[in-house]
Amino acid sequence: MPRLIFAAQSARNDAVHSLTGERLVNMHAVPAPEGARAALLLRNVLGTRDFATLQGPFLRALATCGDQLYAASRGVLARVNEAGTVSTLGSIADDPDTSIVGAGGDRAAVCAGGAYYLWDGSSLTQVGGGRLTNIGSVAYLGGYVFMTQAFGREVEWTSGSGGPGSRNALYFSEAAASGDNIVRAMKVGPYIWVLKEQSIEKWQLTGVGGTGAFAPIPGAVEERGLLSFNLACPIPNGVFFIGNDKCAYVGGGGAAQAVSTPPVDEALKNNEPTHCFYYEDRGHRYAVIRFADRPAWCLDFAMNRWHERAEGVSLEAWDAMSSASCYGQWQIGGRLGRVWRLGQAPVDASGPMRRLAVSRTLEPGGSFTVAKFELFGNFGHQFIEEDAPAYLLDEFGFPLRDSNGYPIHAESPEPVTRWRRSPNAWLRFSKDGGNTWGAPKLRSFGKLGAYSTTLSVKGMGQFKRMMTAEISMTDPVEMPLFAEAEIT
């Protein structure tokens, strides 16, 4: 029996898989239970819900320092407590290239607008007296705050005995293994990575202290750089970043490894990447490339797979820009100064979350007839309770539809009533590899307790050479789907 594949077992390095047109938006593949109909199950990504509102726009940085959440937005450093209450700590420069790192205990080291600031737990001060007058970034390792020169090649560190609030103009060196300028520094395991325009240098603590506290590791230089300041983020014992060649990399103990697939490379070359950040969900670890003008690309390290993350029913750019794990949950920083918490419900703070899965194109080598399409999943566990919808109707009492075939909602003059209904999905099919699509077909996931329900379409007729399927849903309930559909 032939099958339509929404996600195959192949890993991201499988060149064939990378070029097939298979697509997951706001859905990702996970292993299916042993003995299931398919090897993989499609689940929704985490949704977002409001947690805190900062003085904005715009959010510049989000970080956990000690056991507290800190954020920089519109020239202010703020602390957000477990209840989402925001406390303003003081003024800093408003700079898109702002970095915040924990500096031991509840201290927060901040770099913004060329200046170094320290929150010591009770007050925020701008710390001067050092070598650098135009600081580009900060990192923290072994009791030292490590600073880089903006648009230059020098690095500086604070006094080990005086702590993060003490600078000495003699405590500096030059990252001069190559002649390019520094973009930013980042702690990676027991080292500091100095990410430059065209190269990467790795620095380590020497154990000497003072003027010789840090030194570059001999020979530990990579001939690739960082594309821009916000296109790097820490991951456990490593770093995820976009190289100056517009390719995604993961670095750690050894040399950085490319992790892009052709669709990700195409997005990086043709669109505008703005930020990289990291989060976790039920044993899966994700690195995210956020774009200004298209959905984000997300790499699931556990599955070695990419999927897309979008916002709104039109699948627009995700507004998330940064992340931090604090208070036992993952917080996400939104572009306009909102802080969201990630949660299992497939709905965003901004509104409905549309999930979309497009299959590989089935090409059996000639014309074929499809009597039945069936998609299976873990259904029958949830229902929707909502206001009864009102549609614009034609003279026969049927809903009028928009250019995409979806019913048009109307404001109803009648009193709003509540109803319970089954979750729904829309199915569409293409006979030309996804260039054009037939009218969407609404199908129910079944009533509460109807665990054997399938999403099916019968009597589909003849396909000349190829067949592609698409499933789309916006109902705010989890509906795991097997990644393979059967056709007869």
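The values are calculated or read from the model by the stated rules, or taken from the named source; none is laboratory data. Keep in mind it's a predicted model, so treat the numbers as computed, not measured. A quick note on method: Cβ atoms are made from the backbone with ideal geometry, for glycine too, and the neighbour counts reach across all protein chains shown.
One line per residue, one yes/no per condition, for (1) small (Gly, Ala, Ser); (2) at pLDDT 95 or above; (3) under 30 Å from residue 172 (Cα atoms):
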{"position": "44", "(1), (2), (3)": "no, yes, no"}
{"position": "49", "(1), (2), (3)": "no, yes, no"}
{"position": "58", "(1), (2), (3)": "no, no, no"}
{"position": "84", "(1), (2), (3)": "yes, yes, no"}
{"position": "116", "(1), (2), (3)": "no, yes, yes"}
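Are there any strands (runs of 3 or more DSSP E) wholly within the range 180-244 with 1 or more residues that are of a type in the set (Ser, Thr, Tyr), and if so which?
So the answer is 191-196.
Kindly indicate the residue of the range 172-224 that is of a type in the set (Ser, Thr, Tyr) and either under 15 Å from residue 157 (Cβ atoms) or in contact (Cβ under 8 Å) with a residue 40 or more places away in the chain (or both) and also surrounded by the most Cβ atoms within 10 Å (Cβ to Cβ) among those meeting that condition.
191
Working carefully through the options 127, 25, find the one that is touching a Pro at 6+ places or on another chain (Cβ under 9 Å) and under 23 Å from residue 481 (Cβ atoms).
The conditions single out 25.
Does the range 228-251 include one or more residues that are in contact with a strand residue (DSSP E or B) (Cβ under 6 Å, 6 or more places away or on another chain), assigned by TED's automatic domain parsing to the domain that holds residue 118, surrounded by fewer than 18 Cβ atoms within 10 Å (Cβ to Cβ) and hydrophobic (A, V, I, L, M, F, W, C)?
yes
Quick one: how many residues across the range 50-90 are at positive phi and assigned to a strand (DSSP E or B)?
The qualifying residues number 1.
For residue 283, are the conditions met, namely being at positive phi, over 15 Å from the mean Cα position of the chain (by Cα) and buried (at least 18 other Cβ atoms within 10 Å of the Cβ)?
No: the conditions fail for residue 283.
Among the residues of the range 458-471, is any in contact with a Phe, Trp or Tyr (Cβ under 6 Å, 6 or more places away or on another chain), surrounded by 19 or more Cβ atoms within 10 Å (Cβ to Cβ) and either modelled with pLDDT of 90 or more or more than 24 Å from residue 45 (Cβ to Cβ) (or both)?
Yes: one or more hits.
Please find, among 114, 130, the residue that is assigned by TED's automatic domain parsing to the domain that holds residue 226, closer than 24 Å to residue 176 by Cβ and crowded, with 17+ Cβ neighbours inside 10 Å.
Just a single option satisfies the conditions, and that option is 130.
Taking the range 39-50 on its own, how many of its residues are under 28 Å from residue 79 (Cα atoms) and either surrounded by 20 or more Cβ atoms within 10 Å (Cβ to Cβ) or under 16 Å from the mean Cα position of the chain (by Cα) (or both)?
Count: 5.
Among the residues of the range 130-185, what is the count of those that are modelled with pLDDT under 95 and among the polar types (S, T, N, Q)?
So the answer is 3.
Quick one: count up the residues across the range 333-387 that are surrounded by 14 or more Cβ atoms within 10 Å (Cβ to Cβ), closer than 30 Å to residue 430 by Cα and hydroxyl-bearing (Ser, Thr, Tyr).
Of the residues in that region, 2 qualify.
Could you go through the range 78-87 and let me know if any residue there is without any contact (Cβ under 8 Å) to a residue 12 or more places away in the chain, among the polar types (S, T, N, Q) and surrounded by fewer than 18 Cβ atoms within 10 Å (Cβ to Cβ).
Yes, the range 78-87 has at least one match.
Would you tally the residues in the range 245-258 being among the small types (Gly, Ala, Ser) and assigned to a strand (DSSP E or B)?
Here the count works out to 3.
Is at least one residue of the range 13-32 modelled with pLDDT of 95 or more and over 28 Å from residue 302 (Cβ atoms)?
no
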